[in-house]
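Written below as structure tokens is the structure these notes are about.
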């Protein structure tokens, strides 16, 4: 299956930030922390007509915070477990807000314990180059994960 292409304007994500320097399992720990305190930022989430958040994101960037891909074969970088919010949202203490730049993406849905590896293999098989950090999108209704592979900065 070929990944779908889409263009997205820059968007904001508020969440809990960590890095690969925090050790194994840091991503899962960030999600536990973010989900456990979601009531602190729930009012900031952009919602659809049914009241569900429009974007639950595992946002990623390199250590320079310029939204380049994670280094050393995707083993070193920063991660933000959060929800899409307005760019001007005032965030509470203990939370971070990132502005993800505008990109054209190749979007690939994957599941299972090796979801990223499967999606990355599919992306590489298509022959596109990576123009930035990969982003994870979680559907608020189904929980399905789609990886957004940036192919061009807009």
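Points worth noting:
- Qualifying residue in the stretch 61-72 (condition: in a strand (DSSP E or B) and either within 17 Å of the chain's Cα centre (by Cα) or under 16 Å from residue 8 (Cβ atoms) (or both)): yes
- Among the residues making up the stretch 13-46, those that are over 16 Å from residue 138 (Cβ atoms), in contact with a helix residue (DSSP H, G or I) (Cβ under 9 Å, 6 or more places away or on another chain) and assigned to a helix (DSSP H, G or I) are 20, 22, 26, 29.
- Residue in the stretch 95-107 that is in contact (Cβ under 8 Å) with a residue 60 or more places away in the chain, touching a helix residue (DSSP H, G or I) at 6+ places or on another chain (Cβ under 8 Å) and surrounded by fewer than 18 Cβ atoms within 10 Å (Cβ to Cβ) present: no
- Residues in the stretch 54-75 that are farther than 20 Å from residue 153 by Cα and surrounded by fewer than 21 Cβ atoms within 10 Å (Cβ to Cβ): 54, 72, 73, 75.
- Residues considered: 22, 39. Of these, the only one that is more than 30 Å from residue 71 (Cβ to Cβ) and at pLDDT 95 or above is 39.
- If the condition is being in contact (Cβ under 8 Å) with a residue 40 or more places away in the chain, out of contact with any helix residue (DSSP H, G or I) (no Cβ under 9 Å at 6 or more places or on another chain) and more than 11 Å from residue 135 (Cα to Cα), then the stretch 52-67 contributes 52, 54, 55.
- Listed by position, the strands (runs of 3 or more DSSP E) inside the stretch 77-154 whose residues that are at pLDDT 95 or above, over 25 Å from residue 35 (Cα atoms) and more than 13 Å from the chain's Cα centre (by Cα) number at least 1 are 103-110, 145-153.
- Residue satisfying condition, being out of contact with any strand residue (DSSP E or B) (no Cβ under 7 Å at 6 or more places or on another chain) and farther than 23 Å from residue 10 by Cα, within set 42, 37: 37
The values are calculated or read from the model by the stated rules, or taken from the named source; none is laboratory data. Quantities reported herein were computed from a predicted structural model and do not represent experimental measurements. Heads up, the Cβs are rebuilt from the backbone with ideal geometry, glycines too, and the neighbour counts pull from every protein chain shown.
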